[in-house]
1. What are the residues in segment 72-94 that are among the β-branched types (Val, Ile, Thr), touching a Leu at 6+ places or on another chain (Cβ under 7 Å) and more than 18 Å from residue 60 (Cβ to Cβ), if any?
2. Looking at segment 4-14, which of its residues are out of contact with any His (no Cβ under 6 Å at 6 or more places or on another chain) and either β-branched (Val, Ile, Thr) or closer than 15 Å to residue 70 by Cα (or both)?
3. Just checking, which of 107, 98, 56 is open to solvent by less than 30 Å² (accessible area, probe 1.4 Å) and either under 25 Å from residue 46 (Cβ atoms) or modelled with pLDDT under 95 (or both)?
4. Does residue 78 satisfy the condition of being of a type in the set (Ser, Thr, Tyr) and either out of contact with any helix residue (DSSP H, G or I) (no Cβ under 8 Å at 6 or more places or on another chain) or under 21 Å from residue 6 (Cα atoms) (or both)?
5. Name the residue, out of 72, 64, that is open to solvent by less than 30 Å² (accessible area, probe 1.4 Å), under 21 Å from the mean Cα position of the chain (by Cα) and farther than 13 Å from residue 107 by Cα.
6. The conditions are (1) modelled with pLDDT under 95; (2) open to solvent by 40 Å² or more (accessible area, probe 1.4 Å), and residue 80 fails exactly one of them. Which is it?
7. Pairs please, first residue from segment 15-37 and within 17 Å of residue 63 (Cβ to Cβ), second anywhere and open to solvent by less than 60 Å² (accessible area, probe 1.4 Å), Cβ atoms under 7 Å, 6+ apart in sequence or on different chains.
8. Taking segment 11-52, which residues are among the polar types (S, T, N, Q) and open to solvent by less than 60 Å² (accessible area, probe 1.4 Å)?
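The values are calculated or read from the model by the stated rules, or taken from the named source; none is laboratory data. If you're wondering where the values come from, they're calculated on a predicted model, not measured in any experiment. All Cβ positions, even for glycine, are placed from backbone atoms using ideal geometry, and neighbour counts span all protein chains on display. These accessible areas exclude ligands, DNA and RNA; they are computed on the full protein's heavy atoms, side chains included. Shrake-Rupley method; radii C 1.70, N 1.55, O 1.52, S 1.80 Å.
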Amino acid sequence: MNRSTRHWFQQRLSAVLLVVLVGWFTVVLLMGIPADYESARAWLTRPVNAGLILLLTLVIYWHAQLGLRVIAEDHVATELTRRRLLFFVNLILGIAALMTVGAVVVLVNIQ
């Protein structure tokens, strides 16, 4: 599988995962996720919920990175500028993903 085909497949896979995960989260919200901090934290400490929230946010970051890569490759003229832009996009999305994972881990482990 060449690079373009792999990228196309990854975009479709992340989009399908997002449809499923956003559907799950929508159902959770409609069913009434607890509004107060302690109840929401208790909900999040359930392994399935924490895992799905982490998966949802990581797939969002992955899908965003894939989409922004396509935009940069299609619309940024110079190679050096494109590489710098993609470096900073990956850096910012990577930091955001790590902060998300860290926040969930902290919330789950607070006594």
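1. Correct list: 76 only.
2. If the condition is that a residue be out of contact with any His (no Cβ under 6 Å at 6 or more places or on another chain) and either β-branched (Val, Ile, Thr) or closer than 15 Å to residue 70 by Cα (or both), then 4, 5, 6, 7, 8, 9, 10, 11, 12 are the ones that fit.
3. Working: 107 fails: open to solvent by less than 30 Å² (accessible area, probe 1.4 Å); 98 fails: open to solvent by less than 30 Å² (accessible area, probe 1.4 Å).
Just one listed residue meets the conditions, 56.
4. When the stated conditions are applied, residue 78 passes them.
5. Result: 72 is the single residue among 72, 64 that is open to solvent by less than 30 Å² (accessible area, probe 1.4 Å), under 21 Å from the mean Cα position of the chain (by Cα) and farther than 13 Å from residue 107 by Cα.
6. (1)
7. 17/59; 18/59; 21/52; 21/56; 21/59; 24/52; 25/56
8. Scanning segment 11-52 gives 11, 14, 39, 45, 49.
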